[in-house]
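Below you'll find the structure, written out as structure tokens, and then a few comments.
Values quoted throughout were computed directly from the atomic coordinates according to the rules given, and no laboratory measurement underlies them. Keep in mind that what you see is a predicted model, and the values were worked out from it rather than measured. Ideal geometry is used to build each Cβ from the backbone, glycine not excepted, and the neighbour counts take in all protein chains shown.
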Amino acid sequence: MFDGVASWSSLGPFALLLRVDFDQLTQDLPFPGVGDLLGDPEHAVLVRSAEEFLDRAGDSGSTAQALHVHRTTLYHRLKRVETITACPWTTGWTA
């Protein structure tokens, strides 16, 4: 989307993201474990897997293909995300 350095005026609605206090944002999450997941560099592969899964509306086949992993590996990663965040994938985002 942006190559190299972007000017403030070219950011459009993305400029709002620069005003977000991300530390405060992660503290106010309904599932505190999400902050643990996002804050640990060792969980980068789990974060990427979850993002791909959500970007594909839960289509595990296309997600596994995009990540170049077996579907079972994807399921294992998503289960680890669920365990770390205490956010149940199967029942949605309600606590």
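Observations on the model:
- Mean silhouette area of segment 28-95, derived from the convex hull of its C-alpha atoms and averaged over all directions, reads 4.4 nm².
- For Gln65 and Arg19, a Förster radius of 35 Å and the Cβ-Cβ distance give a FRET efficiency of 0.45, rounded to the nearest 0.05.
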